[in-house]
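Peer 1: Shown below is the structure under consideration.
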Amino acid sequence: MPVTGLCPKRSLGQHFLVDPNVARKIVRAFAPQPGDTVVEIGPGQGALTELIAGEVRRLIAVELDRTLAAELAERFRGVPGVEVVEADFLTVNLGRLAPRGERVRLLGNIPYNISGPLIFRVLEQVGVVQDMMLMLQKEVALRVVAKPGSKQYGPLAVHSQLVADVRLLFEVSPQVFRPKPKVDSAIVHWTFLASPRLEVEDRGFFSKFVRAAFGQRRKVLRNALARTCGKTVLDALHEPLLARRAEQLTVAELVQLSNRLARCMHGEHSGVSQDRGDHPAQP
């Protein structure tokens with residue numbers, strides 16, 4: 001396990017993985033293959049990097065910390081296929097890293113303060129991503145894999161489960177990090193589908209719809225969506241789902257409702273009640 005005299009930077013949310021057994025367990029679960037192009041997010045001191053370097057066709061380590069990036073670049077200089085990029089992953093265009101006609105694999109120990117934005121950033125680029133394994137704060141991990149009816153179920157679960165199979169693989173103790181975080185962590189794996197489970201007719205509206213629906217989760221959807229859709233549109237739809245709360249709806253029901261509202265808002269009012277009560281099962 002690599003050792004460095006660098007102090008973790010609180011401003012970057014750094015918690016370095018220092019347990020070699022946990023590092024090996026993560027890499028075994030990730031199962032790198034010789035033909036893979038892997039993008040490692042925030043490699044830090046290189047605990048995972050050293051186990052993957054030389055095992056895959058290409059390993060691109062994206063590190064924001066300038067000092068760490070320089071140290072990693074020097075350490076892995078000459079290792080075939082390894083490239084260290086000093087950059088903020090939130091600004092990286094994954095399409096430029098993916099081989100033509102192929103998709104990259106993502107792996108990372110993610111700072112807790114950017115986990116949500118980072119996941120949504122990847123979900124915007126799923127066309128070029130095969131799968132993703134992230135170490136997250138346990139609370140965030142539970143939100144990704146949450147099911148309808150639970151308190152954790154919300155936008156992270158809806159957007160993730162629309163485009164991927166998601167699994168919480170195992171939990172990770174604070175004891176394996178330096179410094180020790182005050183919370184437990186967990187490993188989550190996304191296997192992205194070739195296409196979304198369900199057709200979202202207006203993706204921009206769907207994002208606003210989901211945000212508004214869960215923004216006031218104690219309210220039924222007819223009230224929670226009033227500002228986003230307008231009372232006239234909601235009344236015109238005659239949709240029984242609007243009498244329920246967002247957390248009670250499956251991903252499929254949320255997509256169906258979003259599609260119908262989008263059509264209604266675009267002036268396609270004809271037939272809005274023909275399929276009343278006909279709601280697809282959860283994917």
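The values are calculated or read from the model by the stated rules, or taken from the named source; none is laboratory data. Computed from a prediction, not measured in an experiment: that's the story for all the values here. Here the Cβ is made from the backbone with ideal geometry for all residues, glycine too, and neighbour counts use every protein chain on show. All accessible areas refer to the heavy atoms of the entire protein, side chains included, with ligands and DNA or RNA removed. Shrake-Rupley method; radii C 1.70, N 1.55, O 1.52, S 1.80 Å.
Peer 1: For region 22-58, how many residues meet the condition of being assigned to a loop (DSSP other than H, G, I, E, B) and surrounded by fewer than 17 Cβ atoms within 10 Å (Cβ to Cβ)?
Peer 2: Adding up the residues that qualify gives 7.
Peer 1: Report yes if some residue within region 118-129 is without any contact (Cβ under 8 Å) to a residue 40 or more places away in the chain and of a type in the set (Lys, Arg); otherwise report no.
Peer 2: Yes, there is a match, as at least one residue in region 118-129 is without any contact (Cβ under 8 Å) to a residue 40 or more places away in the chain and of a type in the set (Lys, Arg).
Peer 1: Go through region 209-267 and report how many residues are of a type outside the set (Ser, Thr, Tyr), in a loop (DSSP other than H, G, I, E, B) and in contact with a His (Cβ under 9 Å, 6 or more places away or on another chain).
Peer 2: First, pick out the residues of region 209-267 that are of a type outside the set (Ser, Thr, Tyr): 209-227, 229-231, 233-249, 251-257, 259-267.
Pick out the ones that are also in a loop (DSSP other than H, G, I, E, B) and you get 216-220, 225, 230, 238-239, 244-245, 249, 266-267.
Subsequent filtering for residues that are in contact with a His (Cβ under 9 Å, 6 or more places away or on another chain) retains 249.
Of the residues in that region, 1 qualify.
Peer 1: Now, a different point. Suppose the filter is aliphatic (A, V, I, L, M), at pLDDT 95 or above and surrounded by fewer than 17 Cβ atoms within 10 Å (Cβ to Cβ); does Ala61 pass it?
Peer 2: Considered against the rule, which asks whether it is aliphatic (A, V, I, L, M), at pLDDT 95 or above and surrounded by fewer than 17 Cβ atoms within 10 Å (Cβ to Cβ), Ala61 comes out as no.
Peer 1: Among what's in region 97-120 and is more than 12 Å from the chain's Cα centre (by Cα) and under 14 Å from Leu59 (Cα atoms), pick the residue that is modelled with the lowest pLDDT.
Peer 2: If we take residues in region 97-120 being more than 12 Å from the chain's Cα centre (by Cα) and under 14 Å from Leu59 (Cα atoms), then Pro99 is modelled with the lowest pLDDT.
Peer 1: Got a number for residues in region 1-21 being surrounded by 14 or more Cβ atoms within 10 Å (Cβ to Cβ), at pLDDT 85 or above and over 22 Å from the mean Cα position of the chain (by Cα)?
Peer 2: Count: 3.
Peer 1: Hey, another quick one. Of all residues being basic (Lys, Arg) and touching a residue at least 12 places away in the same chain (Cβ under 8 Å) in region 224-254, which is surrounded by the fewest Cβ atoms within 10 Å (Cβ to Cβ)? Just the residue, please.
Peer 2: From region 224-254, those basic (Lys, Arg) are 227, 231, 244-245; that's our starting set.
Still in the running and touching a residue at least 12 places away in the same chain (Cβ under 8 Å): 227, 244-245.
On the way: Arg227: 11, Arg244: 15, Arg245: 17.
Result: Arg227.
Peer 1: Would you check which residues across region 174-223 are open to solvent by less than 30 Å² (accessible area, probe 1.4 Å) and among the aliphatic types (A, V, I, L, M) and list them?
Peer 2: Of everything in region 174-223, those that are open to solvent by less than 30 Å² (accessible area, probe 1.4 Å) and among the aliphatic types (A, V, I, L, M) turn out to be Val176, Ala186, Ile187, Val188, Val200, Val210, Ala212, Ala213, Leu221.
Peer 1: Checking Arg100 against (1) out of contact with any helix residue (DSSP H, G or I) (no Cβ under 9 Å at 6 or more places or on another chain); (2) surrounded by 18 or more Cβ atoms within 10 Å (Cβ to Cβ), which test does it fail?
Peer 2: (2)
Peer 1: Every residue in region 67-91 that is of a type in the set (A, V, I, L, M) and closer than 22 Å to Val27 by Cβ, please.
Peer 2: Hits for region 67-91 are Leu68, Ala69, Leu72, Ala73, Val79, Val82, Val84, Val85.
Peer 1: Pick out the one residue from Val140, Val79, Val166, Val158 that is assigned to a loop (DSSP other than H, G, I, E, B), open to solvent by less than 60 Å² (accessible area, probe 1.4 Å) and among the β-branched types (Val, Ile, Thr).
Peer 2: Being assigned to a loop (DSSP other than H, G, I, E, B), open to solvent by less than 60 Å² (accessible area, probe 1.4 Å) and among the β-branched types (Val, Ile, Thr) holds for just one of Val140, Val79, Val166, Val158, which is Val79.
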